[in-house]
Amino acid sequence: MAAMRSIKTLLSTLLALTIFVGLGSSIVLAAGGEEHADDGFPMPLEEYHDPVGAGIVDVLMSRARENPFNVIGTAMFLCAIIHTFLVGKINHWAHHLKHEHEKKVAASRAAGNGRKGGREEVSFKAEMAHFLGEVEAVFGLWVLPLILAITFFEGFKVAEEYVAYDVNFTEPLFVVVIMTIASTRPVLKMSEACMGAVARIGGGTPAAWWFSILVIGPLLGSFITEPAAMTISALLLARKFYDVRPSNLLKYATLGLLFVNISIGGTLTHFAAPPVLMVAGRWQWDLSFMLANFGWKAAIAILGSTSLYFLALRKHFKAMEPKVGVGEVRHPWQEVTDFPIPRWIYVSHLLFLGWTVLTAHYPALFIGGFLFFIAFAQATYHHQEDIRLRPALLVGFFLAGLVIHGNLQQWWIQPVLSALDPLPLMLGAMVLTAFNDNAAITYLATLVPGFTPELKYAVVAGAVAGGGLTVIANAPNPAGQSILSRFFDGGVSPLYLFYGAAIPTVIVGVLFWVL
């Protein structure tokens with residue numbers, strides 16, 4: 001019960017913090033805070049009157065005084081981040097409430113007071129707690145008070161135009177489409193065959209599959225995009241590794257390593273990794289530049305980190321293997337069957353994937369292609385499995401909420417990045433990435449005037465290196481967590497995920513800086 005009270009206290013604290021900041025900012029506005037209704041929302045960075053020669057703290061305080069809403073937006077963003085760290089405890093609370101409700105229902109039935117016909121009564125408290133514990137719903141939930149705050153201080157028209165015109169939802173939409181196509185049976189079977197060729201060298205054991213998926217899968221991300229690579233790798237890990245019931249240490253080490261490897265695995269090309277996509281056009285980074293400056297280093301880091309984890313945890317692999325034969329357990333959303341698939345079906349799916357990647361910047365085109373894909377999948381249903389949109393839509397909802405919040409953090413991220421030398425900038429980008437999507441970090445870097453080539457490299461290297469530290473650090477991470485979270489009791493712990501990703505992150509950071 002003490003744990004339940006602590007969870008309630010933390011949630012109450014989050015709500016109180018939001019109300020406190022809102023009231024405080026309203027007092028500042030009433031006391032003479034400057035109006036910016038005609039300057040656009042959010043306030044453009046070039047319109048701030050930063051003190052000449054001032055430090056970062058003075059600049060941030062000046063910008064907070066010029067536009068007090070900055071404090072509200074950042075406070076709500078902070079609340080959402082804290083909320084993501086509490087989802088494990090909230091889910092535990094939800095299970096407790098559900099268990100208590102089931103006991104009451106059973107007692108009522110025993111007393112002859114059960115419902116006759118219709119659906120069984122559900123616990124409203126348990127279902128709401130479960131919803132609050134869905135990590136994919138967190139940032140979307142905190143958009144509601146944010147929109148209310150924008151409406152209160154700026155007017156509903158400003159809130160409406162901000163969401164409708166100022167926020168770019170291309171990436172969330174792209175992730176929904178690519179994740180759905182990548183999780184279909186033909187694509188999964190092709191990727192399985194590719195990774196299986198490597199796994200067979202190691203005897204086809206869970207450890208061999210683990211190594212193959214964590215090395216080959218992320219590198220495929222440079223060609224089929226990181227969201228697709230994350231989806232395929234997570235699905236195969238679920239079937240070939242997590243279904244064999246590894247130890248808790250091995251579970252989190254694998255998830256952290258997967259997130260880090262996927263984050264850097266897309267840097268062999270200039271079109272696959274979201275943080276690279278944000279800067280490639282503006283800074284004229286092409287395929288040859290990415291291979292020469294990032295790609296080969298990323299490949300070494302992936303192979304080195306995976307090998308290190310394999311050697312360090314080999315006792316856990318040996319203890320795991322005798323429990324269940326690989327492939328005997330089927331996960332409920334992706335029943336892998338053995339009936340053959342014609343080659344033209346494989347080719348068609350590859351073409352749909354290629355079209356989605358080719359038109360990644362144009363939602364009208366890749367969504368149109370997705371509609372054709374749904375029709376094609378229905379027409380070839382005897383070679384397919386059911387298309388399940390729920391996981392992809394939840395991830396898209398998560399990213400959409402993150403983008404809405406992230407656009408309001410420019411006021412503090414930009415001066416922090418612009419005040420650092422290359423090494424501190426790289427380390428700073430790694431840290432900031434843990435609390436904001438790495439694509440947002442690199443995008444904001446493009447807004448900083450006078451960035452030298454060394455600073456450009458440092459900020460992107462730091463952003464991709466830190467992309468595995470938290471679930472919000474890289475756009476594909478929510479997709480991987482959504483697929484694998486059922487293997488973690490009470491959901492994925494953000495703290496243990498951080499521990500699992502810390503060592504690979506350090507290895508990547510050192511290699512990117514030294515090589």
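The values are calculated or read from the model by the stated rules, or taken from the named source; none is laboratory data. Just so you know, these numbers come straight off a predicted model, no measurement behind them. So basically every Cβ, Gly included, is an ideal-geometry build from the backbone, and we count neighbours across all protein chains shown. Side chains are part of the model used for accessible areas, which takes the heavy atoms of the whole protein and leaves out ligands, DNA and RNA. Shrake-Rupley method; radii C 1.70, N 1.55, O 1.52, S 1.80 Å.
Annotations
- For the pair residue 510 and residue 347, the difference between a 0.36 nm per residue extended length and the Cα-Cα distance amounts to 54.7 nm.
- Segment 130-203, accessible area per residue, ligands and nucleic acids excluded (1.4 Å, Å²): 42 Å²
- Between residue 311 and residue 287, the distance separating the two model label sites (each 7 Å from Cα on the Cα→Cβ line) works out to 3.5 nm.
- Alpha-carbon centroid distance for the pair segment 205-219 / segment 403-458, whole angstrom: 32 Å
- Rounded accessible area of residue 163 (nearest 10 Å², 1.4 Å probe): 40 Å²
- Exposure check, 1.4 Å probe, all protein chains in place: residue 92 carries approximately 110 Å² of accessible surface.
- Spin-label model distance (nm) - residue 62 vs residue 421, 7 Å beyond Cα toward Cβ: 2.4 nm
- Electrostatic bookkeeping for residue 226 treats Lys and Arg as +1 and Asp and Glu as -1; over the other residues with beta carbon under 13 Å from its beta carbon, the sum is -2.
- Take every pair of alpha-carbon atoms less than 8 Å apart whose residues are at least six positions apart; their mean separation over the length of segment 144-251 yields a relative contact order of 22 percent.
- Three-way shape label, the chain, alpha-carbon gyration tensor, a/c 1.5: oblate
- Spacing of the two label points (7 Å from each Cα toward its C-beta) at residue 148 and residue 502, in nm: 3.8 nm
- Taking all protein chains together, 318, 456, 98 sort by accessible area into 318, 98, 456, largest first [probe 1.4 Å].
- Protein-only accessible surface order, largest first, of 247, 233 at 1.4 Å: 247, 233
- In terms of accessible area, using a 1.4 Å probe and ignoring ligands and nucleic acids, 157, 297 rank largest first as 157, 297.
- With a Förster radius of 30 Å applied to the beta-carbon distance between residue 170 and residue 296, the computed FRET efficiency rounds to 0.55.
- Gain on full stretching of the segment that runs from residue 452 to residue 122 - 0.36 nm per residue minus C-alpha separation: 112.9 nm
- Mean separation of Cα contacts under 8 Å (6+ apart) over length of the chain, as relative contact order %: 21 percent
- Rounded percent of accessible protein surface that carbon and sulfur make up, the chain, 1.4 Å probe: 66 percent
- Overall, the anisotropy analysis places segment 78-169 in the prolate class: the square-rooted eigenvalues a ≥ b ≥ c of its C-alpha gyration tensor yield a/c not less than 1.5, with a/b exceeding b/c.
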